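Trainee: Once you've had a glance at the structure underneath, I'll fire off some questions.
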Amino acid sequence: MPTANNVIGLDIGHSAVKIACYTQDEKERQILFPSIAVPAFTISDDGEARRAARETVMVGSRPYFFGETARTQGGTSQGLSEDWVDTPEHMALLKGALKCVQDEVGLPENAMLVMGLPTHLFSRQRDRLKQLAGEAYKGEIKVVPQPFAPFQMMMLDRLGNPSPVRSMMEESWGVIEVGYYSTDFMLMQRGRWVEKASGSCAGVRVAADHLARMLAEKGLTVDLPECEEALQTRRILDFGRKTDVGHEVDQSVALVVTEVIDTATRLMEPYVRKLDGVLVAGGGAPIVHPRIQEKWPHAHMANKPRLAVAEGMRRFGMALLRARELQGVSV
Ligand SMILES: Nc1ncnc2c1ncn2[C@@H]1O[C@H](COP(=O)(O)OP(=O)(O)OP(=O)(O)O)[C@@H](O)[C@H]1O
Ligand SMILES: [Mg+2]
């Protein structure tokens with residue numbers, strides 16, 4: 001039977017890379033680092049240089065810093081374009097993620113790598129992402145639509161067995177996955193994807209953008225990563241003073257919530273009353289879930305919503321391996 005470390009769930013998001021994997025002795029590991037990659041340069045401080053070496057990968061003949069090192073050394077790349085997967089920064093994040101897995105748990109030989117794409121890019125970019133990832137990883141690679149993953153997390157246990165309390169083939173669920181670049185919607189009716197009720201709209205970046213504009217009007221120039229952080233902390237550090245921006249945060253968050261609710265209504269309203277529930281996942285879930293629940297009382301927030309995509313991908317991969325084994329196909 002496949003063991004939990006036979007599959008790696010890799011969710012390269014626009015704000016953070018999330019990885020779900022297991023150690024050789026079956027301990028769960030979840031890794032998260034900021035989605036920032038910049039061309040590397042020489043660092044003179046010894047300690048910092050050692051740390052930077054751990055967070056450096058080669059893309060072609062060029063070294064790149066990724067994650068915390070890239071952030072500390074001034075990187076801000078956020079990949080806010082649709083052809084992001086084709087950029088060297090995306091490749092640096094992918095290679096960086098594989099390096100983290102190798103360093104933390106040891107990359108198991110022949111592990112399956114499961115990755116995701118926003119719903120609206122899935123059919124266009126699936127083959128391209130597989131091909132690009134294949135340049136960095138020689139094992140089997142699967143690509144799934146992002147909101148499919150939290151659904152799998154709910155329906156499967158950590159080894160990919162069907163959940164004892166849910167039934168994929170009998171239940172119908174809506175999924176709303178609130179990310180930074182996009183919010184993705186999906187409807188699964190008794191195990192089948194209803195394409196008409198699936199789609200995407202903007203994610204939390206709309207709130208971060210709006211917050212930056214509001215603060216600029218007040219004479220405070222704040223970059224997007226700071227604004228993204230302020231959406232949670234409700235404060236901005238301004239020349240040593242913590243400035244309360246709660247009022248601006250509320251207005252900015254309301255914008256995303258409205259957009260998500262409008263899109264959810266347009267896509268799911270005809271089905272929603274007959275669903276077993278609506279699952280809300282992604283890092284932005286805590287912001288949106290209370291408002292969705294006011295409208296649809298059967299809305300549930302996923303457990304660890306930001307990591308639910310990576311963990312759902314991993315569980316889906318486990319279920320595939322188990323099914324193959326049951327059919328007698330070698331894994
Ligand atoms: N507890 C929280 N409360 C509110 N917002 C949060 C929380 N945790 C994370 N976020 C924010 O939610 C947003 C989405 O996070 P997530 O990691 O799901 O996005 P992503 O996967 O990087 O983006 P995308 O899927 O669009 O590429 C981020 O802007 C993040 O700062
Ligand atoms: Mg995401």
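The values are calculated or read from the model by the stated rules, or taken from the named source; none is laboratory data. Small disclaimer: the values here were computed from a predicted structure and weren't measured. Methodologically, a virtual Cβ is constructed for each residue, glycine included, from the backbone with ideal geometry; neighbour enumeration extends over all protein chains shown.
Trainee: Of the residues Pro88, Pro108, only one is farther than 24 Å from Cys201 by Cβ and surrounded by fewer than 16 Cβ atoms within 10 Å (Cβ to Cβ); which?
Mentor: Numbers: Pro108 fails: surrounded by fewer than 16 Cβ atoms within 10 Å (Cβ to Cβ).
Only one candidate passes the filter, namely Pro88.
Trainee: So, one more: Name the residues in region 147-159 that are crowded, with 23+ Cβ neighbours inside 10 Å and not hydrophobic (A, V, I, L, M, F, W, C), would you?
Mentor: Pro147, Pro150, Gln152
Trainee: Here's something else I'd like to know. May I ask you to say which residue of Ala208, Ala202 is touching a residue at least 24 places away in the same chain (Cβ under 8 Å) and either more than 10 Å from ligand 1 (Cβ to nearest atom) or touching a strand residue (DSSP E or B) at 6+ places or on another chain (Cβ under 9 Å) (or both)?
Mentor: Working: Ala208 fails: either more than 10 Å from ligand 1 (Cβ to nearest atom) or touching a strand residue (DSSP E or B) at 6+ places or on another chain (Cβ under 9 Å) (or both).
One residue alone meets the criteria, Ala202.
Trainee: Taking the residues in region 104-141 that are among the polar types (S, T, N, Q) and within 18 Å of Met91 (Cα to Cα) as candidates, determine which candidate is nearest to ligand 2 (Cβ to nearest atom).
Mentor: In the first step, residues of region 104-141 are kept if they are among the polar types (S, T, N, Q); the result is 110, 119, 123, 125, 131.
When the remaining residues are screened for being within 18 Å of Met91 (Cα to Cα), the result is 125, 131.
Numbers: Gln125: 15, Gln131: 21 Å.
For region 104-141, the residue satisfying everything is Gln125.
Trainee: Go through the residues of region 292-313 one by one and say whether even a single one is under 19 Å from the mean Cα position of the chain (by Cα) and of a type in the set (S, T, N, Q).
Mentor: Kept after step one, since they are under 19 Å from the mean Cα position of the chain (by Cα), are these residues of region 292-313: 300-313.
If we keep only those that are of a type in the set (S, T, N, Q) too, we end up with 303.
The answer is yes, given that some residue of region 292-313 is under 19 Å from the mean Cα position of the chain (by Cα) and of a type in the set (S, T, N, Q).
Trainee: Any idea which of Leu255, Leu307, Leu237, Leu275 is under 23 Å from Ala16 (Cβ atoms), touching a residue at least 40 places away in the same chain (Cβ under 8 Å) and out of contact with any helix residue (DSSP H, G or I) (no Cβ under 6 Å at 6 or more places or on another chain)? Write out each step before concluding.
Mentor: Details: Leu255 fails: out of contact with any helix residue (DSSP H, G or I) (no Cβ under 6 Å at 6 or more places or on another chain); Leu237 fails: touching a residue at least 40 places away in the same chain (Cβ under 8 Å); Leu275 fails: under 23 Å from Ala16 (Cβ atoms).
Answer to the selection: Leu307.
Trainee: Check Gly174 against each of (1) of a type outside the set (S, T, N, Q); (2) more than 18 Å from His120 (Cβ to Cβ); (3) away from ligand 1 (no atom under 13 Å from the Cβ) and name the one condition it does not meet.
Mentor: Every listed condition holds for Gly174 apart from (2).
Trainee: Something else: So, in region 9-26, how many residues would count as being surrounded by 24 or more Cβ atoms within 10 Å (Cβ to Cβ) and more than 16 Å from ligand 2 (Cβ to nearest atom)?
Mentor: Total meeting the criteria: 1.
Trainee: Still on this structure, please answer the following. Inside region 148-192, can you point out the residues that are part of a strand (DSSP E or B) and more than 16 Å from ligand 2 (Cβ to nearest atom)?
Mentor: Of all residues in region 148-192, those part of a strand (DSSP E or B) come to 156, 162, 172-178, 182-189, 192.
If the condition is that a residue be part of a strand (DSSP E or B) and more than 16 Å from ligand 2 (Cβ to nearest atom), then Leu156, Pro162, Ser172, Trp173, Gly174, Leu187, Met188, Gln189, Arg192 are the ones that fit.
Trainee: Further question: Anything in region 27-63 that is in contact with a Leu (Cβ under 9 Å, 6 or more places away or on another chain), buried (at least 18 other Cβ atoms within 10 Å of the Cβ) and not hydrophobic (A, V, I, L, M, F, W, C)? List them, or say none.
Mentor: Across region 27-63, the qualifying residue is only Ser35.
Trainee: For region 180-193, indicate whether the set of residues that are away from ligand 1 (no atom under 16 Å from the Cβ) and either touching a residue at least 60 places away in the same chain (Cβ under 8 Å) or among the β-branched types (Val, Ile, Thr) (or both) is non-empty. Spell out how you get there, then give the answer.
Mentor: So in region 180-193, the residues away from ligand 1 (no atom under 16 Å from the Cβ) come out as 187-193.
Checking which are either touching a residue at least 60 places away in the same chain (Cβ under 8 Å) or among the β-branched types (Val, Ile, Thr) (or both) leaves us with 187, 189.
There is at least one residue in region 180-193 that is away from ligand 1 (no atom under 16 Å from the Cβ) and either touching a residue at least 60 places away in the same chain (Cβ under 8 Å) or among the β-branched types (Val, Ile, Thr) (or both).
Trainee: I would also like to ask the following. So Leu113 clears everything in (1) modelled with pLDDT under 95; (2) in contact with a Lys or Arg (Cβ under 8 Å, 6 or more places away or on another chain) except one condition, right? Which one?
Mentor: (1)
Trainee: Right, next: Limited to region 283-304, what total is found for residues that are within 16 Å of ligand 2 (Cβ to nearest atom), touching a helix residue (DSSP H, G or I) at 6+ places or on another chain (Cβ under 6 Å) and assigned to a helix (DSSP H, G or I)?
Mentor: Total satisfying the criteria: 2.
Trainee: Shifting gears a bit: Kindly provide the set of residues from region 255-282 that are within 14 Å of ligand 1 (Cβ to nearest atom) and either part of a loop (DSSP other than H, G, I, E, B) or among the small types (Gly, Ala, Ser) (or both), ordered by number.
Mentor: Ala281, Gly282
Trainee: Looking at region 258-272 only, could you name the residues that are among the polar types (S, T, N, Q) and closer than 26 Å to Lys18 by Cβ?
Mentor: Thr263
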